[in-house]
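**Q** Here it is, the structure in full.
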């Protein structure tokens, strides 16, 4: 990469955020992007894929859907139609948010805290006496799923199937793009078939889980169609079963390697809400989101044309000294101003952010009360997945 993005060939400003090396320790990569080429080109891809990395530019891209669209073509993950509301731009997007936001507000979800705390304790009970665990497999993967499935009324006995679907869609085990697309397409078909039946059951039985409530709530004077409900459920299962897992992985791996910060939380649990925000900022699990350029736009000398793609680097924005100051690359559990973009921004800001915050806060509270002293097992090599920074295995040992 080089100092100016203007008047150079894309190959001369190429970068690749989809690397396991970058995912494991992304901050130096982010710094190079911001400092050397704030609108980079995607390595190995044709011209027309732009990587946006500075805080103000990322915030602009998230806010201006008329330029950087969340249209269906931005991300193909096996779905038949745009995922609601993620791949619907305003003004239609606002219609769905008005229906969904009240059911996922902090006030509406507050009643889940007692159940979430009970579930965290039950999960910890399974391994605490051993003095060791694979935190990813035994805690961060099952916990968000149990909370989410309870919220949606989906059967807990199907957990393994849901987790397989989630991984097939987000990180299929193949490097062949055509094979990955085929896995996503078949998995998508299986998910649609499952939710067809789930919707029928709710229509017949009158249940009161969150999916049932969405079915009964009007969008501009009408109920959602079956296809709209299917698309909403498709997104729900991916969002509810993956991003909190990745956030817990990243947060606990960091704290296990930084005992000074871990001790701060043990000594003063009132810092935990701040810690949730600061670790989301510093460890941003969703490294980037994708957008489609809808109309011509020029940024840092780079011409973007309709049909181009933008890789909007949330993680880079969240460690930008231009927004967070000279200590942007350090965790500060007392940080006062923390306008991080880990949940995105603009009209498509994460629908489940309040649920995620509740789960993360309760998890950190219970963990540091019951297991105050933990570390990563000697010799462990942590493997982070790119894109969404889940850790394949996180072996912890504790007293």
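**Q** Please find the FRET efficiency linking residue 150 to residue 225, where r is the Cβ-Cβ separation and R0 is fixed at 22 Å, and quote it to the nearest 0.05.
**A** 0.25
**Q** Let me ask another. How high is the relative contact order of the chain, in percent, counting Cα pairs under 8 Å that sit 6 or more residues apart?
**A** Relative contact order for the chain comes out at 28 percent.
**Q** Using a/c under 1.5 as the rounded threshold, could you call segment 115-242 rounded, prolate or oblate? The axes a ≥ b ≥ c are square roots of the C-alpha gyration tensor eigenvalues, and prolate needs a/b larger than b/c, oblate otherwise.
**A** Oblate is the answer for segment 115-242, as a/c is 1.5 or above yet b/c matches or exceeds a/b.
**Q** Could you tell me the extents of the chain's C-alpha atoms along the three principal axes, largest first, rounded to whole Å?
**A** That gives 60, 54, 40 Å along the principal axes, largest extent first.
**Q** How high is the relative contact order of segment 280-378, in percent, counting Cα pairs under 8 Å that sit 6 or more residues apart?
**A** In percent, rounded to a whole number, it is 24.
**Q** Still on this model: Please compute the length gained on full extension between residue 258 and residue 290, using 0.36 nm multiplied by the number of residues separating them and subtracting their Cα-Cα distance.
**A** Details: separation 32, 0.36 × 32 = 11.52 nm, distance 3.21 nm.
Computed gain between residue 258 and residue 290 is 8.3 nm.
**Q** Just grab the label-to-label distance for residue 174 and residue 327, each label 7 Å out from Cα along the Cβ direction, in nm (one decimal).
**A** So the two model labels end up 4.8 nm from each other.
**Q** On average, how much area does the Cα convex hull of segment 237-365 cover when viewed from any direction, in nm²? Could you put the intermediate results ahead of the total?
**A** Numbers: hull surface 36.5 nm².
Quarter of the Cα hull surface area: 9.1 nm².
**Q** Roughly what % antiparallel, to the nearest 5, for the DSSP beta bridges in the chain?
**A** Expressed as a percentage, antiparallel bridges in the chain total about 80.
**Q** Can you show me the helix-derived [θ] at 222 nm for the chain, built from DSSP H runs with n ≥ 4 at -39,500 (n - 2.57) apiece and divided by the number of residues, rounded to the nearest 500.
**A** Values: 16 runs with 188 residues, N = 399.
Rounded to the nearest 500, it is -14500 deg cm²/dmol.
**Q** Still on this structure: What relative contact order, as a whole-number percentage, does segment 140-242 give when Cα pairs under 8 Å and 6 or more residues apart are counted?
**A** On the way: 61 pairs, mean separation 38.0, N = 103.
After rounding, I find 37 percent.
**Q** Also, I was wondering about something else. Could you pull out which residues in segment 258-287 have an amide N less than 17 Å from a spot 7 Å beyond the Cα of residue 336, following the Cα-Cβ vector?
**A** Taking a point 7 Å out along Cα→Cβ of residue 336, the residues of segment 258-287 whose backbone N falls under 17 Å are 274-275, 278.
**Q** Let me ask something additional. Which ordering of 217, 187, 243, 284 is given by a fewest-first count of other beta-carbon atoms within 10 Å?
**A** Listed from fewest to most nearby Cβ atoms, that is 217, 187, 243, 284.
**Q** Compute the distance in nm between two label points, each set 7 Å from the Cα along the Cα-to-Cβ direction, one at residue 132 and one at residue 201.
**A** Taking the two extended label points, one gets 3.9 nm.
Laboratory data are not the source of any read-out in this text; all were calculated from the coordinates shown. In this text, all values refer to a predicted model and were calculated from it rather than measured experimentally. Counting neighbours? That spans all protein chains shown, and the Cβs are built from the backbone with ideal geometry, glycine included.
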